[in-house]
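Input: a single structure, listed below in structure tokens.
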Amino acid sequence: MSQATAAPIKKSSGSTWTEIQQILLRGRAFIALILVVAVFTVIAPNFLDAANIEIMAKHVAINAILGIGMTFVILTGGIDLSVGSLVGLCAMIAGMLINQGIILPQFGVIVYPHTWLIMFIAIIAGTLMGAVNGLIITRFNVAPFIATLGMLYVARGMALLINNGYTFPNLVGRPELGNTGFPELGAGSFIVNYSIWIMIGFALVAAFVAQRTPFGRRVYAIGGNERAAELSGVKVKRVKLSVYMISGFCASVVGLIIASQLVAAHPATGQFFELNAIAAVVLGGTSLSGGRGSIGGTIIGAFVIGVLGDGLVMVGVSSFWQQVIKGVVIVLAVIIDQVQARMQTRIALQKQQELG
Amino acid sequence: METVAEVATIPSTQPGDHALALRAEQITKVFPGTIALDRVDFNVYRGKVNALIGENGAGKSTLMKIVAGVERPTTGRLLMDGKTIQLHSPLHAEKLGIGIIYQEMNLCPNLSVAENIFLGREIAPSGLVVDKSAQRTRARELLHRLEHEIDPNLLVSDLRIGQQQIVEIAKALSQDVRILIMDEPTSALSAAEVEVLFKVMEDLKAHGVSIVYISHKLEEITRISDYVTVLRDGKLVAEARTQEIDVPWIIEKMVGKNPAALFQKGHTEVCEEILRVEEMTLPIVGGYTVDHVSLALRKGEVVGLYGLMGAGRSELFECLAGVRPEATGRVYLDGKLLPAGNVSERINRGIVLVPEDRQREGLVQTISVAHNMLLASLRNYFNGLYLTRRKEQTAVAEMVKGLSIKVANPTQIITSLSGGNQQKVVVAKGLLTSPKILLLDEPSRGIDVAAKSEIFAIMERLAEQGLACSLSPRS
Ligand SMILES: Nc1ncnc2c1ncn2[C@@H]1O[C@H](COP(=O)(O)OP(=O)(O)OP(=O)(O)O)[C@@H](O)[C@H]1O
Ligand SMILES: [Mg+2]
């Protein structure tokens, strides 16, 4: 019978072709990365030195970790503008706990927590601030842009208040208090710097969660059609709350890494980081309206931003021009992405016609 | 293949007995993974109702999108009044007098009814400022012609799907069209509303408008149409004058097999009561949409809920499914009182709703066919750490086969499916939760005869296994 026509075209070749196509589509963000790397390799001869690559990867890790949390938020159709401020706040909390400890006036004592506990407290603080974002958004129906914009100011203000706007310097702790070792997080390495491992670990876990767990599927569903997700039994509020907590969690980890790398906590730490994180997510092909995107894309996006920033510094472009170029590349990359997607469909169709 | 050979012998297929308003010639349309149309010829006779029929995914909507300038054909050409035309955009087609009512509602939910009707063609005498009151008046007239008193100031997001369909029709009527394409305009309309629409269509015909009419309701086709064109799997199967054919002929051409093989109601053992609803009440401002409703369902029962649109059927279902937390009343399942619960609790207990409006409430448009289908039953494939691929694939494959969902690859995006096949995915999603009570709100909207009988057969099979279905068909 004539029934087979519109069904899969020659099952085997059809499905392998869609597989190839999907791999190509996923690799789309690579184009910008390859271009950026190629250009700098030509201009700056020592660009691809092992040492330089590690330095760049450390910078990339910061954007990537924030971008991972941001990806979950954006996949639900939201946005988190507060991550930069949360980075600063968590760095300040860690700095305070190391240098000043916790003062308990009613007992007249100062408690100096262990370094591990300090990091734990900072991370809990960041996650809770994320939860506040999530609660404001889900309980009071505030648009994510507004809620997290408010948090951007509040958290930055809190970071400044902690030490009256001053930096906590020299976060090495004191052996007699048992709170040494904090700089190890930023400086230590196992083959490569710890922060790079953290990025790799987070990326793998996040990609797994997004693809292979009910939570991940629900995140995509909410971003694509919240009402339909709700009618399918997805607890929309709970999932939304979770993504802002994840984002706060990622921000706190970045805050710790930066404070540890600098061996100091500065209240302005993380300013504008939210913009880099959003840029990484968008460059990675995640749709700002939600429901579409991937963690892998975000990681590539973070590499584009990081490599571009470092490369421009290396070749000695003025910091004013750096900004201009960065902006142009972000927009260009998205345009290329669009054009390429269209071309790919056309090629796919041509191939198919030849088959059919 | 034998059916195709038959076509050539049908005497009435020679074009020319009536002037052609439009002709599509040798149209082929290829999508990744699918050939949606394969060298299809289609004639639109002037001043006639030209019905286009075929199973879900046969290529009807694709062909019409090509005629309306939304999609470009891979190969083939369009002839209007004998001259080849190249359509660049829907707007271009509109300028040539081709209007279309899309299968999937195409309205802006954040705009009012009047604004939607005149979207892109605002009444602005000065050229700058929109004359809102003129638009409202005109909109009211159009709606009145459809015998529907929808307030033109209402936001489209507040309309039920049937009302949206009326607005779509009014929007098409507001244009000065010579060819009007109607892709399943009646899928969400009641019998009375269909009558009104038919009157309007007769009126348009009398004014020389050529109509292309797509529907899965075959009685409508035989009643209103002058010509019938049948597509199957993207190929032209037959064209005939309606007066020379009947419903069995259509089904045979569409399905390619004897219509007698379609579903016939068997007998199911009806056993003990499984669901009891008492005093279900859903208050709205100034009254109730669901007013102290009580009913009981027995195992193995398929219950139809009838009522006019807006009679609170959909709302009653929503209350049962846990969508409306503000509803009061008691629900007993298997004799046990259910606590007031949200949707996911109700699904866990075995009550699931297949909603009426698939675009707004049934589907997540950004994700794949498979992920849509699995969304409500994720915990069945979750082993505590991750979703087991094998279990997921088995579930999807079972549904694709069971409901004959026409999909090249379940990982493709849901929006690439034909309307009817999308509807089947929504039904499949509900079935995969292994419900005790299945609440089907207009489950067969846009579904072809064969698939409809499949769904009824599945419902009956489930009923035999002790599941109660409750459905709310429109007419
Ligand atoms: N954008 C797309 N990408 C891939 N395939 C598509 C796309 N649009 C349509 N198709 C495929 O083309 C075929 C014809 O679809 P079409 O929507 O024309 O069917 P239809 O006859 O209107 O069916 P229904 O009665 O269900 O509305 C289907 O198999 C569908 O999956
Ligand atoms: Mg269709």
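Each value in this text was obtained by applying a stated rule to the coordinates, not by laboratory testing. Predicted, not measured: the structure shown is a model, and the values here were computed from it. Glycine gets a Cβ as well: all are built from the backbone with ideal geometry, and neighbour counts include every protein chain shown.
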With θ set to phi - 60°, apply the Karplus curve 6.51 cos²θ - 1.76 cosθ + 1.60 along region A:170-177 and write out the HN-Hα couplings as whole Hz, x wherever there is a Gly or Pro. 6, 7, 9, x, 10, x, 5, 8
Largest first and to the nearest Å, give the Cα extent of chain A along each principal axis. 90, 56, 35
Proximal lysines to A:Lys58, defined as alpha-carbon separation beneath 23 angstrom and excluding residues fewer than eight positions away on the same chain: A:Lys326
Would you mind listing how long the protein assembly as shown runs along its three principal axes, going by Cα atoms, in whole Å with the largest first? 100, 69, 61
Cα-Cα P(r), region A:274-322, percent of pairs per 10 Å interval: 28, 42, 22, 7
Please return the longest stretch of chain B lacking exposed loop sites, where GluC sites (Glu not before Pro) count only if DSSP places them in a loop and at most 12 other Cβ atoms lie within 10 Å. B:327-475
Chymotrypsin sites (Phe, Trp or Tyr not before Pro) in region A:38-136 lying in a DSSP loop, each with at most 10 other Cβ atoms within 10 Å of its Cβ, come to A:Phe107
For chain A, modelled as a GNM with alpha-carbon contacts under 10 angstrom, which of A:Ile34, A:Ile55, A:Ile295 fluctuates the most? A:Ile34
Post the alpha-carbon centroid distance, region A:276-343 to region B:137-194, in whole angstrom. 45
Among the listed pairs B:Lys65/B:Lys452; B:Lys65/B:Lys199; B:Lys65/B:Lys424; B:Lys65/B:Lys235; A:Lys235/B:Lys65; B:Lys29/B:Lys401, give every one whose C-alpha distance is greater than 27 Å. A:Lys235/B:Lys65
When only C-alpha pairs under 8 Å and at least 6 residues apart count, what is the relative contact order of chain A, in percent? 32
With bins 10 Å wide starting at 0, give me the P(r) of chain B over every alpha carbon pair, in whole percents. 4, 18, 28, 26, 16, 6, 1, 0
Per principal axis, descending, Cα span of region B:20-257 in whole Å: 52, 37, 36
Using Cα pairs under 8 angstrom and six or more residues apart, how large is the relative contact order of region B:273-472, in percent? 27
Expressed as a rounded percentage, what relative contact order does chain B have, with Cα pairs under 8 Å and six or more residues apart? 16
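For chain A, what is the calculated [θ] at 222 nm in deg cm²/dmol (nearest 500), taking -39500 (n - 2.57) for each run of four or more DSSP H residues and dividing by its residue count?
-24000 deg cm²/dmol
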What are the DSSP H helices in chain A that stretch 18 Å or more along their long axis, judged by alpha-carbon atoms, and whose average Kyte-Doolittle hydropathy comes to at least 0.5? A:30-43, A:50-75, A:83-99, A:115-139, A:144-162, A:194-212, A:236-262, A:295-314
Using all C-alpha to C-alpha distances in region B:273-472, build P(r) with 5 Å bins and read off the rounded percent in each one. 1, 7, 16, 20, 20, 16, 11, 6, 2, 0, 0
